[in-house]
Amino acid sequence: MVTTSGPPAAAHPVDAVIVGAGLSGLYQLHRLRRLGLSAVVLEAGDDIGGTWYWNRYPGARCDIESMSYSYSFSPELDQEWEWSERYASQPEILRYIHHVADRFGLREDVVLRTRVTRAVYDEFGHLWQLSTDTGRTVTARFVILATGCMSVPKDPGIPGAGSFTGAIHHTARWPREDVSFAGKRVAVIGTGCSGVQAVPVIADEAASLTVFQRTPAYVLPAHNRPLGSAESARFKARYPEFRRAQRLSRGGTVFEPPTRSALEADEAERTAAYEAAWDAGFLNGLLRTYTDVLTDEKANETVAEFVRSKIRSIVTDPATAELLSPRTYPFATKRPCLGTGYYSTYNRPHVTLVDLRTTPIESITPRGIRTSDGEHVLDVIVFATGFDALTGSQLAIDIVGKDGVTLRDRWAEGPRSHLGLVSAGFPNLFTVLGPLSPSVLTNIAVSLEQQVEWITDCIAHLRRNGVTEIDATPDAEADWGVHVAEVAARTLYPAVDSWYTGANVPGKPRAFLAYAGGLDRYREECDAVARNGYTGFVLSSRV
């Protein structure tokens, strides 16, 4: 049974506190238990699941194939769990997470409805003291932030929201009870991945749907379908080989890497390759066609125009098709979306697209949304406006390290850490899937296992050697930041305003927030650091 107020051990020092009970936090708990450590997970939500607890909006589903987006640490788990669809929906993924928690007895060390508000480091004792919104305090040697890279919703920042007399929902904080759109006039603000998934489902029920779009997305077809028992059995038979390949891959997905430039192929050859990728239904399918899609603007434009041609072939109204066609940024420099029936939804007579670039929103009124072109009368407003990605969940906690320096001050000009794992001056504080690691550019399920295992092995090394503190050196931290920036600069990513660079949040410092060198290279870097005695870190013991 999940603890709601905390196990008795939480009132006394524990070896480790894990913040967040999503996929990362639960796996970290499992691994620390195997070391024989006492650990507690503090979770703000009413239940476990992390991203897959909070994101319950209509149409929510994973954009990595189910049999790939899952834990790999247990061959028995691989064989016993049956996925029903190629791309699992939110309820099914949440059931999977619950199954894992029950199978490995993880719930007893999870404290729900408990948000960590402050963490202060005791330099003399080499201990962290954490405060929560329930009044509970916990002291621990190690703290692992498994708070998620997409877990703090971005404030839409639209004046007048409090005056609206209808219902307002945010895709990242969807109610647990059913929300009915039947017979209602609905607006969706935002056309990122959440909006792309929600729009077709809401359109099926609503009397009218108005979609407010600032920047169109590149939306690729999922070609989702049920997974038959025979197909599942064939995949399970090769799971061991597949899992090994995942761990060694660039992005946590297994595919044959391209060998040619898009500009070396003629138009007919390129079109055939893009058609095959489109029909295959993979999020990164088009990126896998040629070597330079993300590094050369001309090569990228061949893919971008292919997607725009697909939009024109699906959307019957040419003006709407043009509004839905991205032209202001290269393909995949903002996260592409995997959708089902998204573009064809705009062919339905009760669905309207509003272009916020030409008619921006001025305010929310008691009756609806006012743009520069007039008022839209509504019953329901859905915000699909995204997240304060990668840094938001860490900076939401008042973290105080050595010499009283806060993480917010330390990161005032952008995140700093060695390997994306430990920030200098904040010893024994690890982050899973944080900034400056591969995280959002990979299959998260594979990335989180790599980082959790590295953190666990690090803690085991410290305990074997009587070490009570590990801290990153400022030089190593600075070198890693330079390396991350240099790798990103070889791509088209950094020049684009996106949540990858923090540009979606007003006042957030601009920097490319993820490591673009690939999970395989990142794993090698992390393994080399550990193999060489944790180079770039200072290890010390309490006197």
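What residues from the stretch 304-346 fall in the zone where the backbone N is under 15 Å from a label point 7 Å along the Cα-to-C-beta line of residue 503? Counting backbone N atoms under 15 Å from the label point, the list is 326-336. Using a cutoff of 8 angstrom between alpha carbon atoms and counting only pairs six or more residues apart, the relative contact order for the chain works out to 19 percent.
Amide hydrogen proximity for residue 443: with H placed 1.01 Å from N in the peptide plane, the residues at 5 or more positions away or on another chain lying under 5 Å are 252, 253. Electrostatic tally near residue 207: other residues with Cβ closer than 10 Å to its Cβ, Lys and Arg +1, Asp and Glu -1, net 0.
Legend: residues 150, 67, sorted from most to least accessible area (1.4 Å probe; ligands, DNA and RNA excluded), read 150, 67. Derived scalar couplings between HN and Hα for the stretch 383-399 equal 8, 10, 9, x, 9, 7, 6, 6, 9, x, 6, 7, 6, 5, 9, 7, 9 Hz in order, rounded to whole Hz, by the Karplus curve 6.51 cos²θ - 1.76 cosθ + 1.60 (θ = phi - 60°), x for Gly and Pro. Net length available on complete extension from residue 168 to residue 297 is 42.4 nm, with 0.36 nm assigned per residue and the Cα-Cα distance removed. Compactness of the stretch 93-173 is given as radius of gyration and Dmax, 18.1, 55 Å, from Cα positions. Among the lysines of the chain, pairs that are 8 or more positions apart or on different chains and have alpha carbons within less than 28 Å of each other number 8. Accessible area ranking (1.4 Å probe, heavy atoms, ligands and nucleic acids excluded), largest first, for 98, 418, 223: 223, 98, 418.
Annotation: amide H-H contacts under 5 Å for residue 152 (H modelled 1.01 Å from N, sequence separation of 5 or more, or interchain): 388, 393. With a simple spin-label model that places each label point 7 Å from the Cα along the Cα-to-Cβ direction, the separation between residue 398 and residue 248 comes to 5.0 nm. Helical runs assigned H by DSSP (4 residues or longer) give the chain a calculated mean residue ellipticity at 222 nm of -9000 deg cm²/dmol, each run adding -39500 (n - 2.57) before division by the residue total.
Membrane-span-like helices in the chain, defined here as complete DSSP H runs extending at least 24 Å along the helix axis by their C-alpha atoms with mean Kyte-Doolittle hydropathy no lower than 0.0, are 444-464; this is a sequence and geometry rule, not a statement about a membrane. Among rounded, prolate and oblate, which fits the stretch 266-312 when a ≥ b ≥ c are the square roots of the eigenvalues of its C-alpha gyration tensor, a/c under 1.5 means rounded, and a/b larger than b/c means prolate? Because its axes are fairly even, with a/c under 1.5, the stretch 266-312 counts as rounded. The calculated FRET efficiency for the pair residue 528 and residue 113, based on their C-beta separation and a Förster distance of 56 Å, comes to about 0.85. In the set [x] 1.12; [y] 0.93; [z] 0.97, the label that goes with Cα Rg over 2.2 N^0.38 Å computed for this structure is [z]. Given axes a ≥ b ≥ c from the Cα gyration tensor, I'd like to know whether the stretch 48-119 is rounded (a/c under 1.5), prolate (a/b larger than b/c) or oblate. Here the stretch 48-119 falls in the oblate category. Here residue 123 sits with roughly 80 square angstrom of accessible surface, probe radius 1.4 Å. With the simple spin-label model, which puts each label point 7 Å out from Cα in the Cβ direction, the residue 363 to residue 33 separation comes to 5.4 nm.
Computed on protein heavy atoms with a 1.4 Å probe, the accessible areas place 152, 432 in the order 152, 432, largest first.
Counting Lys and Arg as +1 and Asp and Glu as -1 over every other residue whose Cβ lies under 12 Å from the Cβ of residue 150, the net charge comes to +1. Here the gap between residue 136 and residue 485, fully extended at 0.36 nm per residue and compared with their Cα-Cα distance, gives a gain of 121.7 nm.
The modelled label-to-label distance for the pair residue 275/residue 317, using points 7 Å beyond Cα in the direction of Cβ, is 3.0 nm.
Here the Karplus curve 6.51 cos²θ - 1.76 cosθ + 1.60, taken at θ = phi - 60°, turns the phi angles of the stretch 494-503 into couplings of x, 7, 9, 6, 7, 6, 4, 10, x, 6 Hz, with x standing for Gly and Pro. Summary of packing: across the peptides 166-178, 481-493, the per-residue average of other C-beta atoms within 10 Å ranks them, highest first, as 481-493, 166-178. Using a probe of 1.4 Å, the accessible surface attributed to residue 475 totals some 120 Å² when neighbouring protein chains are kept in position.
The values are calculated or read from the model by the stated rules, or taken from the named source; none is laboratory data. In this text the structure is predicted, and so the values were computed from the model without any measurement. Virtual Cβ from ideal backbone geometry, glycine too; neighbours counted across all protein chains shown. Side chains included, ligands, DNA and RNA excluded: accessible areas come from the protein's heavy atoms. Shrake-Rupley method; radii C 1.70, N 1.55, O 1.52, S 1.80 Å.
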